[in-house]
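Comments concern the structure below.
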Amino acid sequence: MTAIAERSEARLQVFRRLRLMKRLSLMIVLAVLMIQTYPIAWIFLSALRPASDFAASNSFDLPRSLTLDNFARAFEQGDLPTYFANSLIVAAASIVIIVFLAMCIAYAMQVLKFRGSRVVLGLFSAGIIVPVQVALIPLFILYSKIGLLDTYQSLIVPMVGFALPMSVYLFVSFYQFIHHEIFEAAILDGCGPFTAFRRVVLPLSLNTIVTVVFVNAIFIWNDFIFANTFIFSRELKTIPLGLQDYIGSMGATDWTATFAAVSVTITPVLLLFLVLNRAIIYGLESGATKG
């Protein structure tokens, strides 16, 4: 009876420890969630806050009243539709090129496996650690000589170049777990390399494609460095560059209008994440972590 009682007490202690760890984990998750969501919620609340209330009281207090006048001023002070359209054009073109090139490169290296494919993969992996700042001056000089400054191409080319290493790595990591019997069966059915890519690889890669699209969409949509370096005309400004319109002379800033503009610009990315949330997580698990 004593041994049984000791085992029961030990099991009870283990159960209590597990319950305590579960509560601590839940508290940590809630704390991290609050830290991450608070800035976004604060931006949206500040965008709905009257300018006089924001200036007269603590900016971190809850708004006493709500208004949509800030959004009207945001569209009056800046050409948000034009900036939105420019960001959409650059992001869409860049992402299409990134996904197509990354899939083809990864397919050639991991499935077709040409001689020296591992060396090429190593070079792509090394490109992940290269900072974008090292390319600004060389690209500016090159663009000025070939006449690409102040064009969409001046943004798309570096976006694609710096996004390819990580995108190729994600696709290669995912292709490692596709059984070669699938490709052998496709070849026996009369499929060539391109047909097997279109009918076998493309459908299986859907979640990884979604992950690559979303990760690069955030980077491209929020880019300021390339836009500030290569774009000069107001007609080609993207959203991050266009937010400078709300900074007046001597640094005076209409903060509530700025927050309204920021709310408009980050809403598409948030909605995209909410819609594609499960596919993104599955793509990261099946592509990145398994590699």
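The values are calculated or read from the model by the stated rules, or taken from the named source; none is laboratory data. Source: prediction; values computed, not measured. With ideal geometry, Cβ positions are generated from the backbone for all residues, glycine too; neighbour counts draw on all protein chains shown. What goes into the accessible areas is simple: the full protein's heavy atoms, side chains included, and nothing from ligands, DNA or RNA. Shrake-Rupley method; radii C 1.70, N 1.55, O 1.52, S 1.80 Å.
Put simply, of Ser8, Ser87 the only residue that is open to solvent by 60 Å² or more (accessible area, probe 1.4 Å) and small (Gly, Ala, Ser) is Ser8. Considering Pro158, Pro138, Pro131, the condition of being more than 22 Å from Val201 (Cα to Cα) and surrounded by 19 or more Cβ atoms within 10 Å (Cβ to Cβ) is satisfied by Pro158 alone.
The set of residues from region 20-66 being aromatic (Phe, Trp, Tyr) and either in a helix (DSSP H, G or I) or surrounded by 15 or more Cβ atoms within 10 Å (Cβ to Cβ) (or both) comprises Tyr38, Trp42, Phe44, Phe54.
On the stretch given as region 1-36, residues that are modelled with pLDDT of 85 or more and among the hydroxyl-bearing types (Ser, Thr, Tyr) total 1.
Of the residues in region 184-207, at least one is crowded, with 19+ Cβ neighbours inside 10 Å and closer than 18 Å to Leu272 by Cα. Pairs are defined by a Cβ separation below 7 Å, a sequence spacing of at least 6 or placement on different chains, a first member in region 149-172 that is free of Cβ contacts under 8 Å to residues at least 60 places away in the same chain, and a second member that is of a type in the set (Gly, Ala, Ser) and surrounded by fewer than 20 Cβ atoms within 10 Å (Cβ to Cβ); the pairs so defined are Pro165/Ser125; Pro165/Gly127. Of all residues in region 67-79, those being open to solvent by less than 60 Å² (accessible area, probe 1.4 Å), free of Cβ contacts under 8 Å to residues at least 60 places away in the same chain and either of a type in the set (Lys, Arg) or in a loop (DSSP other than H, G, I, E, B) (or both) number 1. Each residue in region 237-252 was checked for being among the hydroxyl-bearing types (Ser, Thr, Tyr) and either more than 30 Å from Glu76 (Cβ to Cβ) or outside any helix (DSSP H, G or I) (or both), and 1 of them qualify.
Open to solvent by 20 Å² or more (accessible area, probe 1.4 Å), assigned to a helix (DSSP H, G or I), farther than 20 Å from Phe124 by Cβ and of a type outside the set (S, T, N, Q) - does that describe any residue in region 165-179?
No, region 165-179 contains no residue that is open to solvent by 20 Å² or more (accessible area, probe 1.4 Å), assigned to a helix (DSSP H, G or I), farther than 20 Å from Phe124 by Cβ and of a type outside the set (S, T, N, Q).
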